[in-house]
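I have placed the structure first, in the form of structure tokens, so that the comments after it can refer back to it.
The values are calculated or read from the model by the stated rules, or taken from the named source; none is laboratory data. Since the structure is predicted, the reported quantities are computational estimates derived from the model, not experimental observations. Virtual Cβ from ideal backbone geometry, glycine too; neighbours counted across all protein chains shown.
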Amino acid sequence: MNILFYVASAVAIIATFLMLTRMNAVHALLYLIVSLLAVALVFYTLGAPFVAALEIIIYAGAIMVLFVFVVMMLNLGRAAEAQEREWQRPSLWVGPSVLAVVLIAEVIYVLTHADTRMFGAEVVGPHQVAQSLFGPYLIGVELASMLLLGGLVGAFHLGRRLEEKR
Amino acid sequence: MNPIVKSLIILFLVIFIPLNVAAGLIWLERRLLALWQDRYGPNRVGPFGLLQVLADMIKIFFKEDWIPPFADKPVFVIAPAVIMVTVLMSYTVVPWAPGATVADMNIGLLFFLAMSSLGVYSIVLAGWASASKYSLLGGLRASAQMLSYEVFMGLSLMGTVLLAGSFRLSDIVAAQRHMWFVIPQFLGFILFLIAGLAETRRLPFDLPEAESELVAGFHSEYSGMKFGMFFVGEYLGVILISAMITVLFFGGWQGPWLPPIVWFVVKTLFFICLFILLRAALPRPRFDQLMSWGWKIMLPLALLNLLVTGAVVLAARP
């Protein structure tokens with residue numbers, strides 16, 4: 001499992017980096033999808049198969065499809081790529097890189113100094129996830145569902161108003 | 001038998017049999033359609049025209065594999081592979097017979113849903129990478145259609161999960177020893193059948209490739225074996241959905257007298273023929289009808305089914 005974990009993490013990091021540096025929006029999205037799949041595998045190797053499956057179904061399978069859908073509708077061409085190249089000047093990378101290096105330093109410090117038992121602690125199956133979601137964290141789940149309902153009603157309202165104007 | 005040898009044999013069969021059956025389905029579909037339309041269909045090459053498939057395959061392998069100069073080359077090449085990979089990955093969790101599964105995961109059903117939700121990328125990316133307006137329209141239709149029908153596809157299966165108490169497909173089959181889930185979950189079965197049709201983009205849900213409006217939809221620009229991959233991917237999807245209907249609602253391998261694998265194959269073949277009959281019988285809806293049907297009728301029905309099943313399971317619990 002250790003090897004799988006490291007390979008999946010490496011893929012996730014490389015794919016995310018490539019996603020940031022792509023000029024073409026659809027290529028960037030494809031790398032983001034690969035990154036999400038790799039993160040799902042990371043979850044799986046850490047003993048959370050249920051979360052891994054949901055990661056693929058919800059993020060890679062539904063939300064990213066919507067992103068691709070919107071990008072396709074916008075029909076970005078060569079002009080958009082040129083603009084993207086204009087925006088991604090090398091000097092822009094300085095700030096984020098410094099912040100990322102700070103984070104990496106922290107992670108290395110934690111990994112080398114604290115006793116972190118990462119692998120194979122225990123496998124958290126669907127039953128355990130459901131029991132904690134609808135047991136101690138019930139209020140959180142309900143609040144999140146209300147927030148989503150609010151978003152849904154808002155989206156419906158916006159769509160409806162456009163319909164009537166026509 | 002050595003366990004490694006046994007799993008290698010299962011692995012080989014799980015890839016080999018669906019791929020060949022998928023090719024054979026081309027012949028079966030043409031013959032059955034012809035039968036229902038009072039024609040002969042392909043009957044010249046070999047016995048009953050069975051070698052027609054071989055002739056078609058040889059032909060398609062020798063076709064020029066042409067990539068349009070205006071296409072996005074890497075994405076254009078990856079797209080047909082995505083559908084083959086995702087559908088074949090789904091076959092890993094299908095329990096063909098007791099113990100004959102590649103991976104009997106405790107999240108087997110979720111794995112199937114995850115892979116089928118990734119399959120949409122193949123169609124969408126093919127439509128986008130072709131850089132032609134018909135392909136793009138086909139890709140847009142595919143992404144909207146598959147996203148809408150995926151939502152209640154997952155929800156329609158949760159009733160069976162509630163009754164079986166597990167996402168593991170072999171547990172779901174085992175839970176149907178006394179009664180097939182099609183009886184308590186009839187609504188779930190109908191919903192899953194419709195969602196499955198939409199996921200495999202079969203008629204009446206083949207709007208992404210509606211040839212009367214969009215030339216050939218998302219695969220207008222594809223030729224040779226890349227086109228063949230979409231074709232075989234579609235038939236693999238039909239076999240997969242039929243197998244999943246068998247597993248989830250019709251007791252999988254269970255049945256009297258005959259060996260388990262025979263029952264599984266017979267039931268799956270029945271649903272494959274049903275898919276073909278639906279193609280022969282039903283016209284294609286308009287796209288807005290398809291979308292409103294999905295969101296306004298099927299989704300509420302799936303939620304209702306889940307609610308009632310949950311209430312019954314809770315009430316029946318000692």
Pick from B:Ala198, B:Ala144: which is part of a helix (DSSP H, G or I) and under 16 Å from the mean Cα position of the chain (by Cα)?
-> B:Ala198
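Among the residues of segment A:22-29, is there at least one that is within 14 Å of the chain's Cα centre (by Cα) and either modelled with pLDDT under 80 or part of a helix (DSSP H, G or I) (or both)? Break it down into steps so the answer makes sense when it comes.
Residues of segment A:22-29 that are within 14 Å of the chain's Cα centre (by Cα), as a first pass: A:28-29.
Retained after the next criterion (residues that are either modelled with pLDDT under 80 or part of a helix (DSSP H, G or I) (or both)): A:28-29.
Yes, some residue in segment A:22-29 is within 14 Å of the chain's Cα centre (by Cα) and either modelled with pLDDT under 80 or part of a helix (DSSP H, G or I) (or both).
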From (1) more than 22 Å from B:Ser143 (Cα to Cα); (2) crowded, with 19+ Cβ neighbours inside 10 Å, pick out the condition that doesn't hold for A:Gln88.
-> (2)
Among the residues of segment A:36-61, how many are touching a residue at least 24 places away in the same chain (Cβ under 8 Å) and within 30 Å of A:Ala79 (Cα to Cα)?
-> 2
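Out of the residues in segment B:143-181 that are in contact (Cβ under 8 Å) with a residue 60 or more places away in the chain and among the polar types (S, T, N, Q), state the one that is nearest to the other protein chains (Cβ to nearest Cβ).
Here is the first cut: in segment B:143-181, the ones in contact (Cβ under 8 Å) with a residue 60 or more places away in the chain are B:144-145, B:148-149, B:151-152, B:155-160, B:162-163, B:166-170, B:172-173, B:176-177, B:180-181.
Now narrow it down to the ones that are among the polar types (S, T, N, Q): B:145, B:148, B:156, B:160, B:166, B:170, B:176.
Details: B:Gln145: 11, B:Ser148: 11, B:Ser156: 15, B:Thr160: 14, B:Ser166: 8, B:Ser170: 15, B:Gln176: 20 Å.
Going through the qualifying residues, I end up with B:Ser166.
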Looking only at segment B:175-195, which residues are in a helix (DSSP H, G or I) and touching a Gly at 6+ places or on another chain (Cβ under 7 Å)?
-> B:Gly188
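Could you list, in sequence order, all residues of segment B:280-293 that are within 20 Å of B:Val238 (Cβ to Cβ) and surrounded by 17 or more Cβ atoms within 10 Å (Cβ to Cβ)?
The initial filter retains those residues of segment B:280-293 that are within 20 Å of B:Val238 (Cβ to Cβ), namely B:280-285, B:290.
Matches in segment B:280-293: B:Leu290 only.
From the list A:Val98, A:Val71, pick out the single residue that is over 14 Å from the mean Cα position of the chain (by Cα), more than 10 Å from chain B (Cβ to nearest Cβ) and in a helix (DSSP H, G or I).
That would be A:Val98, the only listed residue that is over 14 Å from the mean Cα position of the chain (by Cα), more than 10 Å from chain B (Cβ to nearest Cβ) and in a helix (DSSP H, G or I).
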Name the single residue, out of those in segment B:110-139 being within 11 Å of chain A (Cβ to nearest Cβ) and out of contact with any helix residue (DSSP H, G or I) (no Cβ under 6 Å at 6 or more places or on another chain), that is surrounded by the most Cβ atoms within 10 Å (Cβ to Cβ).
-> B:Ala131
Here is a list of conditions, (1) hydrophobic (A, V, I, L, M, F, W, C); (2) in contact (Cβ under 8 Å) with a residue 12 or more places away in the chain; (3) closer than 30 Å to B:Ile4 by Cβ, and B:Ala114 meets all of them except one; can you say which number that is?
-> (2)
Within the group A:Leu41, A:Leu76, A:Leu46, which residue is more than 8 Å from chain B (Cβ to nearest Cβ) and modelled with pLDDT of 85 or more?
-> A:Leu41
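For the condition without any contact (Cβ under 8 Å) to a residue 60 or more places away in the chain and surrounded by fewer than 22 Cβ atoms within 10 Å (Cβ to Cβ), what is the one hit in B:Leu269, B:Leu303?
Values: B:Leu303 fails: without any contact (Cβ under 8 Å) to a residue 60 or more places away in the chain.
On inspection, the qualifying residue turns out to be B:Leu269.
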Flagged in segment B:286-318 as closer than 30 Å to B:Ala210 by Cβ and either β-branched (Val, Ile, Thr) or out of contact with any helix residue (DSSP H, G or I) (no Cβ under 7 Å at 6 or more places or on another chain) (or both), in numbering order, are B:Arg286, B:Asp288, B:Gln289, B:Ser292, B:Trp293, B:Lys296, B:Ile297, B:Pro300
Go through B:Pro98, B:Pro74, B:Pro69, B:Pro47 for me and flag whichever is surrounded by fewer than 21 Cβ atoms within 10 Å (Cβ to Cβ), within 11 Å of chain A (Cβ to nearest Cβ) and farther than 24 Å from B:Met291 by Cβ.
-> B:Pro74
